[in-house]
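Heads up, the thing below is written out as C-alpha cells.
The values are calculated or read from the model by the stated rules, or taken from the named source; none is laboratory data. Computed from a predicted model, the values in this text were never measured in an experiment. Quick reminder, even Gly has a Cβ in these numbers, built from the backbone with ideal geometry, and neighbours come from all protein chains shown. For accessibility, only protein heavy atoms count, side chains too; no ligands or nucleic acids. Shrake-Rupley method; radii C 1.70, N 1.55, O 1.52, S 1.80 Å.
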Amino acid sequence: MGVSGECFDVIIIGAGIMGSSTAYQTAKRGLKTLVLEQFDFLHHRGSSHGETRTIRATYPQDYYFPMVMESYKLWRQAEAQIGYKVYYEAHHFDMGHVDDPDFRAVIASCRKHSVPHQILRPDQVAQKFSGRFFIPHNWLGVSHALGGVIKPTKATAMYQALAQKYGAVLRDNREVVDIKRDNQNGGVIVVTAGGESFWGKKCVVTVGAWMNKLVKAVSGIELPIQPLETHVFYWRIKEGHEEKYAIGGDFPTFASYGETYIYGTPTLEYPGLIKVAVHGGNPCDPDNRPWGSGTKMDVLKKWIARTFSGVVDTSDPVVKQACMYSWTPTEDFVIDFLGGRFGKDVVVGGGFSGHGFKMAPVIGQVLADLAAEGEAKGVDMSPFRIGRFVQICRL
C-alpha cells in the first residue's frame, strides 16, 4: 500500500491527555512524531476536557502509589517548561465505613509507604474541618497532604504545546480508520477517513472511549473496555460559607468509599460552587451518546446533605458537565503491545477508568518507552497487560 503522507518514527492516534503526554515524551527524545486526532483539539466528547481532576496518592492498590508520586514531580517539570500552572496543591481526605475493604486498604497503603497521615473518628473529623465534614458514627476518616487538583483542558493543551516545541506534528479532524502492517518495509501504515496514509516505525493508540472500536477494527481483538457516560456536578455553597471551601485554604480534595464512590474538589473554577460527583456512569456508544442526566442522583444528594450538614444546596446542581470513562472490569489500565501480527509495533494505552488523568505524565513516559525502547522502565506492568484478560478477551 502506498503512503500519501510523511514517514514518522512514532504515530500517535488520539490527542487527549494520554496521547499528548506521549507525544511530548517521544518528541523530546528526538523521535519524529505525528499526532492524529479525530475531532478538534481540546474537544468535549472524550475524557480530557473540563475544569478539574483530582490528584491523590492514596489508592487501595499499591502499584499506583509510585506512579502518582512520580507524576507530581513530572507535572511540576512540565509547568516549569511551559510557564504556567495546571496543578494546584491541596490536602486530601478519604472517608469510609470502618470495615470497608477498599478504605482499609487505603490506610494500609499509607502505612506501607510511610505517608504521614491522621486517622480520625467522626468527632475528630468534625473538629479538624471545623464542621465542614460530618461522617457517620461507624466511619473513619484519613487525612494527609498528598492531594491536589489538575486543570485538564489546560494540561492537555500544555502537553500539546510542549510536543510541538520539540518538533511534533499535530493534526486534528483526522479520524483513523485503519492500521496496516507494512510487510515490505516493516512498521505500520496508518490510514485516515480522508484517504491520507502515513508510515510509522511505531504506533501508539490512545483513543479513549473509542479504543475497543478501533482495536477491533484493525486487529480483530475485542478488549474489555466499556465506554461509560459520566457526569460531574457543581453545587452551590450557601451564602457566607463560600470561602471555607475554596482551594488554597485547608479544605481538601476528598473521596468517600462504599457501595457508591463519591468524590469532589475544593472551589476553584466556579466561585461559590463545589464539585461533588459519583464515580461511574452508564454504558454507551461514544458515537451515539444519550447525553443523559447522570446516575445515582438521589444517593448523591443524600450524601451531600449528610456530609456538609445543609451548607451545600442539594436542590439541583448549578452546573453539569458530561464526560466519558473507558472502563475495564478491574478499573486497572490497559498499557501494552497490541501483539498478534503487529508484534511490538503497535502500543495501546486505554481503559483508564475515570482515574488515570492524574498519572498522565508517567503514562506518557511508559507509552513512549514501549514505543521507543520495547520495554517500560521503572513501572510494574503486570497489572496493565492485555494478557490478564485472556479469559474474557476475544482474540
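Rounded to two decimals, the Cα-based Rg/Rh of segment 21-62, with Kirkwood Rh, is 1.10.
Heavy-atom accessible area for His97, with the other protein chains in place and a 1.4 Å probe, reaches approximately 60 Å². The number of Lys pairs in segment 255-395 with C-alpha atoms less than 20 Å apart, excluding pairs fewer than 8 positions apart on the same chain, is 10. Computed over the Cα atoms of segment 30-152, pair by distinct pair, the Kirkwood hydrodynamic radius stands at 16.9 angstrom.
Highest mean packing comes first when the peptides 264-272, 366-374 are listed by Cβ atoms within 10 Å, giving 366-374, 264-272. Within the chain, the proportion of C-alpha pairs whose separation exceeds 39 Å stands at 18%. Derived scalar couplings between HN and Hα for segment 15-26 equal 10, x, 5, 6, x, 5, 5, 5, 4, 4, 5, 6 Hz in order, rounded to whole Hz, by the Karplus curve 6.51 cos²θ - 1.76 cosθ + 1.60 (θ = phi - 60°), x for Gly and Pro.
Each residue of segment 344-358 was assigned a 3J(HN,Hα) from its phi angle through the Karplus expression (A = 6.51, B = -1.76, C = 1.60, θ = phi - 60°), giving 9, 7, 10, 10, 10, x, x, x, 7, 6, x, 9, x, 3, 4 Hz with x at Gly and Pro.
With a 1.4 Å probe and all protein chains left in place, how much accessible area per residue does segment 218-268 have, in Å²?
Averaged over the residues of segment 218-268, the accessible area is 37 Å².
Against the chain, whose longest principal axis comes from its Cα atoms, helix 65-82 is set at around 70 degrees.
Its Cα centre serving as origin, the chain has a Cβ charge dipole (Lys and Arg +1, Asp and Glu -1) of approximately 360 debye. Database remark: amide H of Gly187 closer than 5 angstrom to the amide H of Asp182 (H placed geometrically; neighbours at sequence offset of 5 or more, or on other chains; Pro and chain starts carry no H). Lysine pairs in segment 77-212 whose alpha-carbon atoms fall under 23 angstrom of each other, counting only those eight or more residues apart or on distinct chains, come to 9.
Across segment 224-237, computed HN-Hα scalar couplings (Karplus, 6.51 cos²θ - 1.76 cosθ + 1.60, θ = phi - 60°) run x, 10, 9, x, 10, 8, 10, 9, 10, 10, 10, 10, 6, 7 Hz from first to last residue, x flagging Gly and Pro.
Straightening the chain between Ser4 and Asn288 buys 99.1 nm, computed as 0.36 nm per residue apart minus the Cα-Cα spacing. The H on the amide N of Asp336, modeled in the peptide plane, is under 5 Å from the matching H of Val348, each at least 5 residues off or on a different chain. Distance between the modelled labels on Thr330 and Gln127, one decimal in nanometres: 4.1 nm (7 Å Cα→Cβ projection).
R0 = 30 Å: FRET efficiency of Gln118 with Thr260, Cβ-based, nearest 0.05? Once the sixth-power term is evaluated, E becomes 0.75.
Taking segment 249-264 and a reference point 7 angstrom along Cα→Cβ of Asp99, the backbone N atoms nearer than 15 Å belong to 258-259.
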